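This report refers to the structure that appears directly beneath it.
The values are calculated or read from the model by the stated rules, or taken from the named source; none is laboratory data. Just so it is clear, the model here is predicted, and its values are computed rather than measured. Neighbour counts are summed over all protein chains in view; Cβ atoms, including those assigned to glycine, are modelled from backbone coordinates with ideal geometry. These area figures cover heavy atoms from the full protein model, side chains too; ligands, DNA and RNA do not enter into them. Shrake-Rupley method; radii C 1.70, N 1.55, O 1.52, S 1.80 Å.
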Amino acid sequence: MSQAAPFSPAESRANMTAMATTLVGFISHGAPTLALAQDGAAAALTAWGAALARPRAIVVVSAHWVAATPLTGVERQAPLYYDFGGFPDELYRVEYPAPGAPDVAARVRALTGADSAPARPFDHGVWVPLSKLFPDAGVPVVQLALPLAAGPAGWLALGRALAPLRDEDVLVLGSGGIVHNLRALGRPGAAPPWALAFDRWVEEVLAAGDPDALAGVLDAPGARQAHPTVEHLAPLLVAAGAASVDGRLPPPRYPVTGWELGALGMRSVAWGG
């Protein structure tokens, strides 16, 4: 996988030295049935959202929209994308009619060089966690496609390109999973050692505050088992890049932690705000 970092902020570096004024976050969104749940991670997300200052808009990078280069999605309210199968019928009736934000989408394209795919609706990596974080669907949302082939350095760079949005009352949010190995789900007992080792490595690196250390995430203890494919990991690095201030990460907070289905890591991260 390429480690190139093709994105650079269109703003002056002065914006990078100001303390973030708006939250940057990463959500481990778990299974789509999170949208129906009322306890566990769902309850923690709802409590987190209730405590947040309401942003002007949200820009989400989800594990479930991968493209060769960044793209912004739907700019007006649109039907949801139920991009999964085999779940309860009521999940396909969930609605999340958040408005789009054409001005914010244009701003994202200016910062990142992204193109536009205005007909692409929100996938479940967007509407499932947001249905818990902001259940009234009143905050405008812009989705930005994930350039997966850019690799860890490129994901961090994309986040840094989005960093000026922090000072524009826009919440930058990554949506994926701290540990996401579907082949290991449903096993009884505690999370396996490799899952715990990877979760602990992430916690230690975030606490140390050096975002560039995340560029080595694919070689971290347990990484290959925690993420047999890396699309759920990449949004964490995008969020960390966006949260960086003067080359450092603010102290993280963890509004959601724990495990579901044996080895689905639900740790979510908040910086600033």
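Scanning segment 162-192 for residues that are surrounded by fewer than 24 Cβ atoms within 10 Å (Cβ to Cβ) and under 16 Å from GLY241 (Cα atoms) yields ALA163, PRO164, ASP167.
Residues considered: ALA137, ALA149, ALA145, ALA191. Of these, the only one that is over 25 Å from PRO250 (Cα atoms) and under 14 Å from the mean Cα position of the chain (by Cα) is ALA145. Restricting attention to segment 124-158, the residues that are more than 25 Å from PRO211 (Cβ to Cβ), in a helix (DSSP H, G or I) and not hydrophobic (A, V, I, L, M, F, W, C) add up to 3.
ALA149 meets all of the listed conditions (1) of a type in the set (A, V, I, L, M, F, W, C); (2) under 29 Å from LEU196 (Cα atoms); (3) open to solvent by less than 10 Å² (accessible area, probe 1.4 Å) but one, namely (3). Selection of segment 253-271 for residues being outside any strand (DSSP E or B) and surrounded by fewer than 21 Cβ atoms within 10 Å (Cβ to Cβ) yields THR257, GLY258, LEU261, GLY262. Scanning segment 90-123 for residues that are closer than 19 Å to ALA42 by Cα, open to solvent by 10 Å² or more (accessible area, probe 1.4 Å) and in a helix (DSSP H, G or I) yields GLU90, TYR92, ARG93. Identification of helices (runs of 4 or more DSSP H) wholly contained in segment 186-250 with 3 or more residues that are farther than 15 Å from GLY159 by Cβ and among the hydrophobic types (A, V, I, L, M, F, W, C) yields 193-208. Among the residues making up segment 159-185, those that are closer than 26 Å to ALA57 by Cα and assigned to a strand (DSSP E or B) are VAL170, LEU171, VAL172, LEU173, GLY174, SER175, GLY176. Would you be able to say whether some residue in segment 185-201 is closer than 30 Å to PRO164 by Cβ, touching a His at 6+ places or on another chain (Cβ under 8 Å) and modelled with pLDDT of 95 or more? The answer is no; no qualifying residue exists. PRO135 fulfils the conditions (1) free of Cβ contacts under 8 Å to residues at least 60 places away in the same chain; (2) open to solvent by 40 Å² or more (accessible area, probe 1.4 Å) except for a single criterion, (1).
Each residue in segment 141-154 was checked for being out of contact with any Ser or Thr (no Cβ under 7 Å at 6 or more places or on another chain) and closer than 10 Å to VAL59 by Cβ, and 1 of them qualify.
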